[in-house]
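**Student:** There's a structure below that I have some questions on.
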Amino acid sequence: MDTAVKVPMKPLWKWLSLTASVLVLVVVSYFAVGVAVRDRPEVRTGTIHASLSRESCVGCHEPIAAEWRESFHFLSLSGPFWGRLRTKRADRLFEALRIPCVNCHAPANVLDLTEQAHPVQRTDAVQLGVDCVSCHVSEQGIVGPGRSAAAPHEVIVDKRFQDAILTSIAICARCHAEAQFNVVAEWQQTPFARNGITCLDCHMPELEAPSVAGRPARLRRSHRFLGDKDPEMLRKALDISISVNDDGSATVRITNSGAGHSFPAAGTNSLFVNVTVQDDDGLVLEEKERSFGSREWIPGYLDFWPFLKVTKIPYGQSREIEVDLPSEHGSIAVELRYRDWFMVKNQDVVFATLTQAY
Ligand code: HEC
Ligand code: HEC
Ligand code: HEC
Ligand code: HEC
Ligand code: HEC
């Protein structure tokens, strides 16, 4: 599929895309509210520990909270998508929409859910998104790996915080296996899963830092949860190579060798691969562009063919782009661009380039 979409977006396209997305959101929320009314979802406030409010964790565990505040777990209901919705004066839509969405974007505690149960929305401090309590507090109290004896509060030691494979399938999967593209099931098919390389190894790497301000640094995992908003993570995911063939053509190969799931991982994000062939004076002789991702008519609904087209690159697979080399000498240039869901950002990020002379 060759596309010629260029960045930054033209004002008309911007206007059209905004109008289209508002329409889509109206339809989505109509369905979502319908489902919500029919299913009468359970609503729980979540915090059982009367002495420890949601904000108290953040107060004592400031170094961890500082990481989490930059993550999209915290930004899950206050981040760019929702911000844009509000600045476009879509406050009522915001209120209507966020109800079916807070199940995962601001859930009650997930640790007590039975195996097949879905996360449920909470009613308190919704603006904190996926917060400390969502992941760490159960009906019994604060749950953790049990490595620090110095905690001033009781800690319930739980295998789900000690064994990273179990964490991935019992905690991360609570929300990430329900998202439209199931990264947990994808990860389970990769050699990473077989070799014990989990979601945590890539998204919660170990670092040496205190967990409470003023206390000594310790080896613990980052709560920054870096993902596709970070160009370095995008670069880690893919290998690019250019090979010149005997028949006067060249092959550009893009391999997903570093993401523990498909690339792009989830949502309606896209990768654009732009290949140009230039002569020695820099004149462009050939240009090809291909995109990889998924196209949805109505995000989240009607997610089957022909309304949904998926061209993501699964882990371990390569995609090739062939170009002719019309001159004797010149260079082949590859540019990789990433487009985040357009409501979040409307400008692509160029995260990798490669040039080779021939
Ligand atoms: C079943 C749980 C679940 C529900 C319900 C849910 N989401 Fe999400 N959402 C997720 C997960 C997990 C991610 C992170 C994966 C990703 O980045 O695509 C996410 C990511 C997003 C993103 C960021 C996409 C990006 O590329 O960073 C937006 C915006 C979003 N959701 C909007 C919504 C809206 C609007 C609704 C309600 C109509 C909703 N979500 C309902 C689980 C959910
Ligand atoms: C998305 C789920 C999630 C959220 C949100 C979250 N955590 Fe964690 N946290 C984890 C997991 C998983 C571990 C265990 C990592 C490991 O294997 O060491 C952990 C570990 C910890 C530890 C133990 C560190 C150590 O000494 O090893 C502390 C303390 C902690 N989290 C506090 C917090 C605080 C405070 C917040 C809110 C600012 C928070 N967490 C938010 C999932 C989460
Ligand atoms: C009064 C300050 C304070 C408050 C409030 C507090 N913590 Fe802690 N917590 C600590 C200290 C101190 C430690 C030990 C840290 C260390 O050893 O470096 C700790 C340790 C932890 C651990 C790791 C325990 C382990 O070894 O498994 C977790 C998980 C944790 N806290 C989660 C939370 C959560 C969730 C909240 C909010 C409900 C919270 N804490 C509120 C001070 C606090
Ligand atoms: C309670 C639900 C929930 C749980 C549990 C959860 N997540 Fe998330 N996570 C989300 C939602 C919702 C988002 C998307 C927020 C957004 O972009 O608006 C998200 C975003 C992310 C992102 C960032 C994606 C981006 O676009 O930047 C990463 C990485 C991530 N989660 C990894 C994990 C890992 C690893 C675990 C297990 C330790 C985990 N999550 C547990 C709900 C959850
Ligand atoms: C080997 C490393 C690796 C493993 C294992 C891994 N990821 Fe990722 N993940 C990445 C990289 C690199 C990216 C950025 C490229 C991309 O979006 O595919 C990413 C992106 C993401 C995103 C952002 C998706 C989006 O499009 O907004 C989420 C959410 C995520 N991962 C969740 C998970 C979860 C949950 C697991 C465990 C089931 C997991 N990842 C396992 C490396 C990994």
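**Student:** What nm value, rounded to one decimal, do you get for the distance between A150 and Q127 when each label is placed 7 Å out toward the C-beta?
**Tutor:** For the pair A150/Q127, the computed spacing is 3.2 nm.
**Student:** I need to check one value: relative contact order of region 92-228, counting alpha carbon pairs closer than 8 Å and at least 6 residues apart, in percent. List each step's numbers first, then the result.
**Tutor:** Working: 163 pairs, mean separation 18.9, N = 137.
Dividing the mean separation by the residue count of region 92-228 yields 14 percent.
**Student:** Using the number of other C-beta atoms within 10 angstrom as an exposure proxy, rank C175, C199, C101 with the fewest first. If you can, show how the numbers build up before the last one.
**Tutor:** Values: C175 21, C199 24, C101 18.
Ranking C175, C199, C101 by Cβ neighbours within 10 Å, fewest first, gives C101, C175, C199.
**Student:** Just to be sure I understand the model, the point goes 7 Å from the Cα along the line to the Cβ. What's the resulting S331 to R319 distance in nm?
**Tutor:** Output for this residue pair reads 2.5 nm.
**Student:** Given a Förster distance of 51 Å, report the FRET efficiency between S249 and Q162 from their Cβ-Cβ distance, rounded to the nearest 0.05.
**Tutor:** Given R0 = 51 Å and the Cβ-Cβ separation, E is 0.45.
**Student:** List the relative contact order of region 166-236 as a percent without decimals, with contacts defined as Cα pairs under 8 Å and 6+ residues apart.
**Tutor:** On the way: 58 pairs, mean separation 13.3, N = 71.
The normalised contact order for region 166-236 reaches 19 percent.
**Student:** E287 versus H118, label points 7 Å from Cα toward the beta carbon: distance in nm?
**Tutor:** Computed distance between label sites E287 and H118 equals 4.4 nm.
**Student:** Using the beta-carbon distance between R295 and R215 and R0 = 45 Å, what value does 1/(1 + (r/R0)^6) give for FRET efficiency, to the nearest 0.05? Working shown, then result.
**Tutor:** On the way: r = 49 Å, r/R0 = 1.09.
Once rounded, the FRET efficiency stands at 0.35.
**Student:** Related question: Arranged by the count of other C-beta atoms within 10 angstrom, fewest first, what order do L354, L308, L128 take?
**Tutor:** Details: L354 14, L308 17, L128 23.
In increasing order of surrounding Cβ atoms, one gets L354, L308, L128.
**Student:** Give the peptides 213-219, 162-168 in descending order of average Cβ contacts within 10 Å, highest first. Spell out each step's value before the answer.
**Tutor:** Numbers: 213-219: 11.1, 162-168: 17.1.
Per-residue Cβ counts within 10 Å, averaged per peptide and sorted highest first, yield 162-168, 213-219.
**Student:** Over region 47-157, calculate the relative contact order: mean separation of alpha carbon pairs under 8 Å at least 6 apart, over the residue count, as a percent. Can you show the working numbers first?
**Tutor:** Numbers: 131 pairs, mean separation 29.7, N = 111.
After rounding, I find 27 percent.
**Student:** Ok, one more. Residue by residue through region 242-257, what is 3J(HN,Hα) from phi via Karplus (6.51 cos²θ - 1.76 cosθ + 1.60, θ = phi - 60°)? Round to whole Hz and write x for glycine and proline.
**Tutor:** The phi angles translate into 10, 10, 8, 9, 5, 8, x, 10, 9, 10, 9, 10, 10, 10, 7, 10 Hz.
**Student:** Distance check, please: which entries in K88/K312; K159/K236; K229/K309; K88/K309; K236/K312; K88/K288 exceed 27 angstrom between their Cα atoms?
**Tutor:** Numbers: K88/K312 31 Å; K159/K236 30 Å; K229/K309 23 Å; K88/K309 29 Å; K236/K312 16 Å; K88/K288 36 Å.
Those over the limit are K88/K312; K159/K236; K88/K309; K88/K288.
**Student:** Within 10 Å of each residue's Cβ, count the other Cβ atoms and sort T355, T198, T87, T251 from fewest upward. Don't jump to the answer; show the numbers that get you there.
**Tutor:** Numbers: T355 12, T198 21, T87 9, T251 15.
The most exposed by this proxy come first: T87, T355, T251, T198.
**Student:** Same structure again: Report the gain in length on full extension from T353 to Q189: 0.36 nm times residue separation, minus Cα-Cα distance, nm rounded to one decimal.
**Tutor:** Working: separation 164, 0.36 × 164 = 59.04 nm, distance 2.96 nm.
56.1 nm is the gain from fully extending T353 to Q189.
None of the figures in this text is laboratory data; all of them are computed from the coordinates on show. Predicted, not measured: the structure shown is a model, and the values here were computed from it. Here Cβ is always computed from backbone atoms with ideal geometry, including for glycine, and neighbour counts include all displayed protein chains.
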